[in-house]
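The values are calculated or read from the model by the stated rules, or taken from the named source; none is laboratory data. Predicted model, so just to flag it, every value in this text is computed and none were measured. Neighbour counts run over all protein chains shown; Cβ positions are idealised from the backbone, glycine included. With ligands, DNA and RNA removed, areas are computed over all heavy atoms of the protein, side chains included. Shrake-Rupley method; radii C 1.70, N 1.55, O 1.52, S 1.80 Å.
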Amino acid sequence: MNVPSLPASLSEPVSTEGVIAAGAYVDGRRVANIAISEASSWRAKPGHVVWIGLHEPDMALLSAVQKQFDLHELAIEDANHAHQRPKIEQYGEALFIVARTAQLIEGRIAFGETHIFVGEGYLVSVRHGASTSYTPVRERCESCPRALARGEDYILYLYAILDFIVDNYSPVLESIHEEVESIEDDVLSKAISKAQIERLYMLRRDLLRLRTAIGPLVEVCRRLEHDELAMVRATMQPLFRDVTDHVRNIQERIDSMREVLAFAFEASLLVGQAQETAVSKKLASWLAIIAIPTALAGIYGMNFKHMPELDWEYGYYTLLGVMLTACGALYWRFRRVGWL
């Protein structure tokens with residue numbers, strides 16, 4: 001197929017608000033930047049694929065895209081309202097896929113969503129919330145057009161987006177892993193502070209939310225891999241098996257880090273309890289030592305006339321000797337057993 005030369009306006013950004021990119025592709029090469037109103041006519045051309053990327057579009061823009069590709073109303077409604085559970089739904093010959101994205105912002109995991117419409121000759125991605133731009137995906141696909149010879153362009157674009165979403169979980173986990181290791185080292189050397197304990201709890205909760213967010217992607221990829229979807233040929237299914245393996249690997253890393261965080265939290269409690277026990281032992285030891293001179297001084301400090309050794313010439317020195325001897329014996333004993 002002859003690919004038309006790129007027009008001069010190809011490098012110019014699309015000015016429509018909410019539209020990140022809108023292009024027509026032939027054999028993996030972008031041949032034109034297009035307007036939303038031109039999408040259906042470009043898609044109708046033989047061998048052409050339309051790829052539109054939207055970021056938090058309003059309903060008017062979604063409706064315009066819906067008219068171009070005859071998208072289902074329920075899917076458009078879902079794309080207009082975020083907070084959807086990851087899923088895959090089939091509407092006629094088109095697929096609607098929801099995936100959760102994640103980024104680390106100011107030490108917390110922020111979640112977003114990507115809604116993907118894919119059908120014969122088109123792919124529309126809609127981003128909401130925290131999400132990395134898919135420009136690198138486009139650039140990678142455009143730089144390797146020969147890879148598209150493996151199958152339909154739009155299915156490979158779908159695979160590239162899903163793979164990119166899953167790959168972007170790794171930097172989040174790596175940052176958390178470094179922080180977890182730092183906290184774990186502190187736990188083993190000293191009792192951690194209240195702020196660190198709160199951080200442990202927040203990280204563990206965020207990891208649980210992340211696992212819940214990406215878990216359904218396994219089912220999405222399983223359907224793309226195994227279900228008899230007309231647009232996904234058998235030669236394309238291993239691609240989605242690879243994404244499934246990546247998701248499961250991410251799940252295992254999350255579970256591993258949550259176990260480490262649980263251990264660090266329990267270890268911090270044990271270290272704190274051990275320190276409290278050590279302090280209690282020291283206090284009890286000194287109280288026992290102080291109790292002897294306190295008791296003897298209290299007895300001989302009573303205002304009685306007739307008491308043993310009260311008028312003895314060496315009674316005072318003998319009493320001091322008994323106090324020092326008893327206190328020294330107790331001190332030696334507590335030092336020997338490690339209480340002091």
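Please determine, in degrees from 0 to 90 and to the nearest 10, the orientation of helix 315-336 with respect to the longest principal axis defined by the Cα atoms of the chain, where the helix direction is its Cα long axis. The angle comes out near 30 degrees. For the chain, modelled as a GNM whose springs connect Cα atoms under 10 angstrom apart, the maximal fluctuation among L208, L123, L324 occurs at L324. Using the Cα coordinates of the stretch 270-340, the gyration tensor eigenvalues translate into equivalent-ellipsoid semi-axes of 34, 13, 5 Å, sorted from longest to shortest.
What FRET efficiency would be calculated for the residue pair E120, H83, taking the C-beta separation as r and a Förster radius of 30 Å, to the nearest 0.05? Once rounded, the FRET efficiency stands at 0.55. The simple Förster model, with R0 at 22 Å and r as the Cβ-Cβ distance, assigns R222 and N168 a FRET efficiency of 0.60.
For the stretch 238-331, applying the loop criterion from DSSP together with a ceiling of 13 other beta carbons within 10 Å to the GluC sites (Glu not before Pro) yields E309, E313. Here is the list for the stretch 277-340: trypsin sites (Lys or Arg not before Pro) lying in DSSP coil, each with at most 13 other C-beta atoms within 10 angstrom of its C-beta, are K305. Derived from the Cα gyration tensor, the three semi-axes of the equivalent ellipsoid of the chain are 76, 18, 16 Å, largest first.
In order along the stretch 169-182, the phi-based Karplus estimate (6.51 cos²θ - 1.76 cosθ + 1.60, θ = phi - 60°) of 3J(HN,Hα) comes to 6, 4, x, 5, 5, 5, 5, 5, 4, 4, 5, 4, 4, 5 Hz; Gly and Pro are listed as x. Remark: the chain carries a charge dipole of roughly 940 debye about the Cα centre, counting +1 on each Lys and Arg Cβ and -1 on each Asp and Glu Cβ. Please compute the modelled spin-label separation between H55 and Q90, points set 7 Å along Cα→Cβ, answer in nm with one decimal. The answer from the label model is 3.4 nm. Shape call for the stretch 57-182 from the C-alpha gyration tensor, a ≥ b ≥ c root eigenvalues: rounded (a/c under 1.5), prolate (a/b greater than b/c) or oblate? Oblate shape, in that a/c is at least 1.5 and b/c is the bigger or equal ratio. Against the chain, whose longest principal axis comes from its Cα atoms, helix 237-300 is set at around 10 degrees. Of S37, S131, S280, the residue with the largest accessible area leads and the full order is S37, S280, S131 (1.4 Å probe).
Taking only Cα atoms, what is the 0 to 90° angle, nearest 10, from helix 59-69's long axis to the longest principal axis of the chain? Once rounded, one gets 50 degrees. Taking a ≥ b ≥ c as the square roots of the eigenvalues of the Cα gyration tensor of the stretch 37-119, is the shape rounded (a/c under 1.5), prolate (a/b larger than b/c) or oblate? Judged from the Cα gyration tensor, the stretch 37-119 comes out prolate (a/c at least 1.5, a/b above b/c).
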